[in-house]
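**Student:** Just passing along the structure, written as structure tokens.
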Amino acid sequence: FAPGDEVRMRDRASDPWQQGVVESIRPSGKPVVLIKGQSRGYEWNCVELQQPEQKPASSSSGTAAEISALKAKNDQCDKTIRDQNERIKREKARGDELEKKLSNATTKVEELERELKYASPGSATKAGTAGSSAEVEKRLQTETDRRIEAERLLEQFKSSSERNAKILMSVYEEKDRLEAKLKELEKLKS
């Protein structure tokens, strides 16, 4: 499946088929389908490509209908590209935020490790801050846990960004294919 594909879908064999357009593809490979008149797409248990009606190539009305259908798919690709670019922009801001959190946590861990060097059991630290080595170790563990969590979130972010970039590339490829087919049909029409 590719964004813009016209499909029919249902969840159970006993359900009637519904018509829709593939809005995007999940990282799992499942299509997200948008039903006309709805603002949000959904995953379905059973999705099939709609087979376009085959008409003779000499039929100008058939070519016009094909051109119209391809233009609609092309418009859907444009919308998906805009949406995906917005998603990537939001993820970039989130990634910058996560990198800043990771940097802050790393700095705090380094400060506490230095402080721990000078801490003696049960007394104030020589670096001038109050706290026993046990207290510093506890704060160090807390900050280390925060740094590990920030690293984990940053890795998740990078993985998600890679998936979104792949989806965007597949939409651009589909758009290129549609535009080539449109040019071919418009040449046939004239």
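**Student:** Could you give me the residue pairs with C-beta distances under 9 Å whose first residue belongs to segment 162-188 and is in contact (Cβ under 8 Å) with a residue 40 or more places away in the chain, whose second residue is open to solvent by 30 Å² or more (accessible area, probe 1.4 Å) and among the small types (Gly, Ala, Ser) wherever it lies, and which are 6+ apart or on separate chains?
**Tutor:** The qualifying pairs are Leu185/Ala64; Leu188/Ala57; Leu188/Ser58; Leu188/Ser60.
One line per residue, one yes/no per condition, for (1) within 20 Å of Phe1 (Cα to Cα); (2) modelled with pLDDT of 85 or more:
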position: Ile88; (1), (2): no, no
position: Lys92; (1), (2): no, no
position: Lys100; (1), (2): no, yes
position: Ala105; (1), (2): no, yes
position: Thr142; (1), (2): no, yes
position: Met169; (1), (2): yes, no
position: Leu182; (1), (2): yes, no
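**Student:** Could you go through segment 118-134 and let me know if any residue there is on the phi < 0 side of the Ramachandran plot and at pLDDT 80 or above. Before you say what the answer is, go through the steps one by one.
**Tutor:** Start the filter on segment 118-134 by keeping residues that are on the phi < 0 side of the Ramachandran plot, which leaves 118-121, 123-127, 129-130, 132-134.
Imposing the further condition that a residue be at pLDDT 80 or above reduces the set to 134.
Looking through segment 118-134, at least one residue is on the phi < 0 side of the Ramachandran plot and at pLDDT 80 or above.
**Student:** Still on this structure: When you go through (1) modelled with pLDDT of 85 or more; (2) open to solvent by 90 Å² or more (accessible area, probe 1.4 Å); (3) touching a strand residue (DSSP E or B) at 6+ places or on another chain (Cβ under 9 Å); (4) not β-branched (Val, Ile, Thr) one by one for Trp17, which number turns out not to apply?
**Tutor:** (2)
**Student:** Continuing with this model, one more query. For Ala65, work out the one condition from (1) under 29 Å from Lys183 (Cα atoms); (2) at pLDDT 85 or above it doesn't fulfil.
**Tutor:** Condition (2) is where Ala65 drops out.
**Student:** Same structure, new question: Would you check which residues across segment 143-190 are of a type in the set (Asp, Glu) and either more than 21 Å from Asp83 (Cβ to Cβ) or surrounded by fewer than 12 Cβ atoms within 10 Å (Cβ to Cβ) (or both) and list them? Can you show your working first?
**Tutor:** Residues of segment 143-190 that are of a type in the set (Asp, Glu), as a first pass: 143, 145, 149, 151, 155, 162, 173-174, 176, 179, 184, 186.
Answer for segment 143-190, where residues must be of a type in the set (Asp, Glu) and either more than 21 Å from Asp83 (Cβ to Cβ) or surrounded by fewer than 12 Cβ atoms within 10 Å (Cβ to Cβ) (or both): Glu143, Asp145, Glu149, Glu151, Glu155, Glu162, Asp176, Glu184, Glu186.
**Student:** Kindly evaluate Lys189 against the criterion of being modelled with pLDDT under 80, of a type outside the set (A, V, I, L, M), over 23 Å from Glu97 (Cα atoms) and more than 21 Å from the chain's Cα centre (by Cα). Break it down into steps so the answer makes sense when it comes.
**Tutor:** Values: modelled with pLDDT under 80: yes; of a type outside the set (A, V, I, L, M): yes; over 23 Å from Glu97 (Cα atoms): yes; more than 21 Å from the chain's Cα centre (by Cα): yes.
So Lys189 passes the test.
**Student:** Quick check on segment 31-48: of everything there that is part of a loop (DSSP other than H, G, I, E, B) and within 19 Å of Lys79 (Cα to Cα), which residue is most open to solvent (accessible area, probe 1.4 Å)?
**Tutor:** We begin by selecting, within segment 31-48, every residue part of a loop (DSSP other than H, G, I, E, B); these are 35-41, 43-45.
From what's left, within 19 Å of Lys79 (Cα to Cα): 35-41, 43.
Details: Ile35: 25, Lys36: 180, Gly37: 90, Gln38: 88, Ser39: 118, Arg40: 136, Gly41: 5, Glu43: 76 Å².
That would be Lys36.
**Student:** Also: Output the qualifying pairs, or none if there are none: Cβ atoms under 6 angstrom, residues six or more apart or on different chains, first residue in segment 6-19 and touching a residue at least 12 places away in the same chain (Cβ under 8 Å) and among the hydrophobic types (A, V, I, L, M, F, W, C), second residue open to solvent by less than 80 Å² (accessible area, probe 1.4 Å) and in a loop (DSSP other than H, G, I, E, B).
**Tutor:** Val7/Gln50; Met9/Trp44
The values are calculated or read from the model by the stated rules, or taken from the named source; none is laboratory data. This is a predicted model, so every value here is computed, not measured. Glycine gets a Cβ as well: all are built from the backbone with ideal geometry, and neighbour counts include every protein chain shown. Protein only, heavy atoms only, side chains kept; ligands, DNA and RNA dropped before computing areas. Shrake-Rupley method; radii C 1.70, N 1.55, O 1.52, S 1.80 Å.
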